[in-house]
Amino acid sequence: MARILIVDDSPTEIYVLSTILQKQGHEITAAEDGEKGVAAAREQKPDLVLMDVVMPGMNGFQATRLLSKDAQTAHIPIIIVTTKDQETDRVWGLRQGAKDYVTKPVNESELLAKIQALLGS
């Protein structure tokens, strides 16, 4: 199964997402802000990143842009997972390099389908 990095400043969201993904057999790691998320992605080279947007310090759009422009991490697909549900946010997130965009509260089957589509498994 896949190694998935969750970048979110909410312990509750990390727990919810981890529970959904671990039931599917995925290996989960987490980072609680954008800077730590970028560092973890560079170090761990996960198969996929789930990225929140609204976080202290570096936000998810900035972290996504950094990872998608870095040769070491550009191949890692990023799904933005956020409460920001405006179409402009979705477009901006995809422009930063995200492969998909999901709004909270997360629909479990939608999230799993998007992950499966990106990982091709």
**OP:** Looking only at the range 43-73, count how many residues are farther than 25 Å from Ala113 by Cα, among the charged types (D, E, K, R) and touching a helix residue (DSSP H, G or I) at 6+ places or on another chain (Cβ under 8 Å).
**Re:** 1
Original post:
Does Lys45 qualify as being at positive phi and of a type outside the set (A, V, I, L, M, F, W, C)?
Top reply: yes
Original post:
Name the pairs whose Cβ atoms lie under 6 Å apart, with the first residue in the range 78-90 and of a type outside the set (Val, Ile, Thr) and modelled with pLDDT of 95 or more, the second buried (at least 22 other Cβ atoms within 10 Å of the Cβ) and part of a loop (DSSP other than H, G, I, E, B), and 6 or more positions between them or separate chains?
Top reply: Lys84/Val53
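The values are calculated or read from the model by the stated rules, or taken from the named source; none is laboratory data. As the structure is a prediction and not an experimental result, all values here were calculated from the model. Cβ coordinates were reconstructed from backbone atoms using ideal geometry, including for glycine residues, and neighbour counts include every protein chain displayed.
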